[in-house]
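Note sheet for the following structure.
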Amino acid sequence: MPIPPLPALVTLVAMVGFLATVMLVGAARVKHGVKPPSVVGPEPFERALRVQQNTLEQLMVFLPCFWLAVAFSSEPVATALGFVWVGGRVAFAVGYLQAAEKRAAGFAISFTSSIVLLVMALLGVLARLG
């Protein structure tokens, strides 16, 4: 089965977003003088690090659920939810980098997208088994 281009684009955009969080942590290390391997520093550095870590944690759920929903449920719906997930992660990062309490909306958007993708994937797989 050939890989569909729009879901592939979602994956690539998600990876670019994650790499951007890696670069933000590097820039925050330099700006605030936090030398590796330390993960403790001024609050702006720690927020940048949490954005990166949380995004990585969420990618581990999102990517398999996304691709299983694409394969076993609805490619167009899963793709749309994938783009919503990416938007939620951007909103999460922008909010969290400003203040920890501003992260909630972006987290809710991306987390809800992941849950819907998980349900889509699960129902799609069960339907094929049944």
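The values are calculated or read from the model by the stated rules, or taken from the named source; none is laboratory data. Given the structure is predicted, the values throughout are model-derived calculations rather than measurements. Counting neighbours? That spans all protein chains shown, and the Cβs are built from the backbone with ideal geometry, glycine included.
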Looking at the range 64-74 only, could you name the residues that are over 13 Å from VAL116 (Cα atoms) and either in contact with a helix residue (DSSP H, G or I) (Cβ under 7 Å, 6 or more places away or on another chain) or polar (S, T, N, Q) (or both)? PHE72
List the pairs whose first member sits in the range 1-22 and is over 16 Å from GLN53 (Cβ atoms), whose second member is part of a helix (DSSP H, G or I) and among the hydroxyl-bearing types (Ser, Thr, Tyr), and whose Cβ atoms are under 7 Å apart, counting only residues at least 6 apart or on separate chains? LEU6/THR79; PRO7/THR79; VAL10/THR79
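Okay, residues lined up against (1) acidic (Asp, Glu); (2) more than 14 Å from the chain's Cα centre (by Cα); (3) under 20 Å from PRO4 (Cβ atoms); (4) at pLDDT below 95:
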site: GLY82; (1), (2), (3), (4): no, no, yes, no
site: VAL90; (1), (2), (3), (4): no, no, no, no
site: ARG103; (1), (2), (3), (4): no, no, no, no
site: GLY130; (1), (2), (3), (4): no, yes, no, yes
What is the one condition in (1) under 13 Å from the mean Cα position of the chain (by Cα); (2) modelled with pLDDT under 95 that PRO2 does not satisfy? (1)
Do we find that ALA105 is over 14 Å from PHE18 (Cβ atoms), small (Gly, Ala, Ser) and either touching a residue at least 40 places away in the same chain (Cβ under 8 Å) or crowded, with 18+ Cβ neighbours inside 10 Å (or both) in this structure? no
Matching residues in the range 108-128 - criterion: being within 25 Å of PRO5 (Cα to Cα), loosely packed, with under 14 Cβ neighbours inside 10 Å and either free of Cβ contacts under 8 Å to residues at least 24 places away in the same chain or under 10 Å from the mean Cα position of the chain (by Cα) (or both): ILE115, VAL119
Subset of the range 1-55 [closer than 17 Å to VAL84 by Cβ and in contact with a Pro (Cβ under 6 Å, 6 or more places away or on another chain)]: none
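Filter the range 1-38 down to the residues that are in a loop (DSSP other than H, G, I, E, B) and surrounded by 13 or more Cβ atoms within 10 Å (Cβ to Cβ) and list them by number.
The initial filter retains those residues of the range 1-38 that are in a loop (DSSP other than H, G, I, E, B), namely 1-4, 33-38.
Result: PRO4, VAL34.
Any residue at all in the range 85-98 that's without any contact (Cβ under 8 Å) to a residue 60 or more places away in the chain, in contact with a Leu (Cβ under 6 Å, 6 or more places away or on another chain) and buried (at least 20 other Cβ atoms within 10 Å of the Cβ)?
Pass one, the range 85-98, residues without any contact (Cβ under 8 Å) to a residue 60 or more places away in the chain: 87-88, 91-92, 94-96, 98.
This time we only want the ones that are in contact with a Leu (Cβ under 6 Å, 6 or more places away or on another chain), so: none.
No - not one qualifying residue is present in the range 85-98.
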